[in-house]
1. With axes computed from alpha carbons, what is the tilt in degrees of helix 285-295 against the longest principal axis of the chain, rounded to the nearest 10 within 0 to 90?
2. When the helices in the chain are scored as -39500 (n - 2.57) per DSSP H run of 4 or longer and the sum is shared across all residues, what 222 nm value do you end up with, to the nearest 500 deg cm²/dmol?
3. Convex hull volume of the Cα atoms in the stretch 40-102, per residue, in Å³?
4. Considering only GLY47, SER324, LEU20, whose Cα is most displaced toward the positive end of the charge dipole of the chain, charges sitting on Cβ of Lys, Arg (+1) and Asp, Glu (-1)?
5. Rounded to the nearest percent, how much of the accessible area of the chain (1.4 Å probe, protein heavy atoms only) is carbon and sulfur?
6. Rg and Dmax of the chain, Cα atoms, in Å?
7. Tell me, what is the FRET efficiency for TYR210 and PHE116 to the nearest 0.05, using R0 = 35 angstrom and their Cβ-Cβ distance as r?
8. Rank MET226, GLY265, VAL244 by how far each Cα sits towards the positive end of the charge dipole of the chain (+1 on Lys, Arg Cβ; -1 on Asp, Glu Cβ) and give me just the farthest.
Amino acid sequence: MPQPPSDQRPSDRCAVLAGLGTCLPERTVTNDDLAERLDTSHEWIHGRTGIASRRIAAEGTSTGDLATAAAGNALASAGRTSCDLVVVATTTPDRACPATAPAVARALGLSGAAAFDLAAVCSGFVYALSTASAMIAAGTCRSALVIGADLYSTITDPDDRGTAIIFGDGAGAVFLESGSRTDPGAVLHHDLGSDGDGRDLITVAPGERYLSMRGREVYVQAVPGMTDSALRVLKGAGWDAEDVDAFVGHQANIRILASVAKRLGLPEERVITNIEEVGNTAAASIPLALAHGVREGRVTRGDRLLLTAFGGGLTWGSTALTWSGAQPVHSVRG
Ligand code: UT7
């Protein structure tokens, strides 16, 4: 019997990441700007988190606007104009109903594509990547835009120094298509998990407008939670920690990233971080950091990448993939 092409065999077929796009708001808010109205300082914020500034969207800009721009950039990065599936991972959808994704698909000229939102807070991008990759591997769709987009400025109390110093706005997206596990860009393995006992640690409580976070308690769980998830995904991918060329973790706190890397035995230079310039952008964090790593020349074609996230839920997740060499496309919005 003649064999079908390798990318058609179910056991070999997998999602391949072929494009990467990002979008950040134009306005930069520095730690000194925040210290003018909050009881805090640049030294405290930078020393405790690694953050120097973040981007905050203009009044009237929506999560869907940033998501559409990032996804359009991901399509351009991949050199594609069509797509079967659009997934928006977000905690700040434009409306409670309907989902943001169908409007994003329409704005991109992709009406007819399957489109839905996914809520897994700061782990949302990794959850969405896993979901869309599984749909491609199963043959449910042939291509997908996976978007992480959040406007935490809309749910952050500007007077709460425990959260206002951390979060920023932004969006990042990847374009996935069907390929084989040996292709550069192959999305190889996932680990996902949750612990609802921690649901009150990061929450917008019913009836409340703003997010509250018990930061220290999250921190204490994030380090072992991310390390264990990373170890599980490495095992599933058949990699040792030293095989990892770049660790792209959720950018919540530079000290969390350093602790996880240390526990994994990864040298500092393999840790990709852009937290200094953008803060914690929730579901957008990993694709924004990935684009930063590619632009800096620290992620190159064929590299083995480890993505690991942790956040509200509590939720966590990791992905093992190789890098396709896609060049990120970026844009700025008001
Ligand atoms: O993205 C979702 C996942 N989220 C995370 O992973 C967040 C994880 N948590 C963190 O990154 C850290 O816990 C924070 C950055 C939020 C806080 O840092 P910390 O080292 O855990 O500080 P802390 O909350 O234990 O507070 C230490 C001290 C306290 O003062 P006392 O009680 O020691 O006198 C706070 O009141 O720092 C004080 N403090 C501040 N001081 C200046 C808290 N926030 C500030 C601030 N400026 N903004």
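The values are calculated or read from the model by the stated rules, or taken from the named source; none is laboratory data. Source: prediction; values computed, not measured. Here Cβ is always computed from backbone atoms with ideal geometry, including for glycine, and neighbour counts include all displayed protein chains. Keep in mind that these areas ignore ligands, DNA and RNA; they rest on the heavy atoms of the full protein, side chains included. Shrake-Rupley method; radii C 1.70, N 1.55, O 1.52, S 1.80 Å.
1. Helix 285-295 and the main axis of the chain meet at about 70 degrees.
2. Roughly -9000 deg cm²/dmol at 222 nm, from the helical runs in the chain.
3. Cα convex hull per residue, to the nearest whole number: 147 Å³.
4. SER324
5. 48 percent
6. Cα-based Rg and Dmax for the chain come out at 18.6, 73 Å.
7. The calculated FRET efficiency here is 0.85.
8. VAL244
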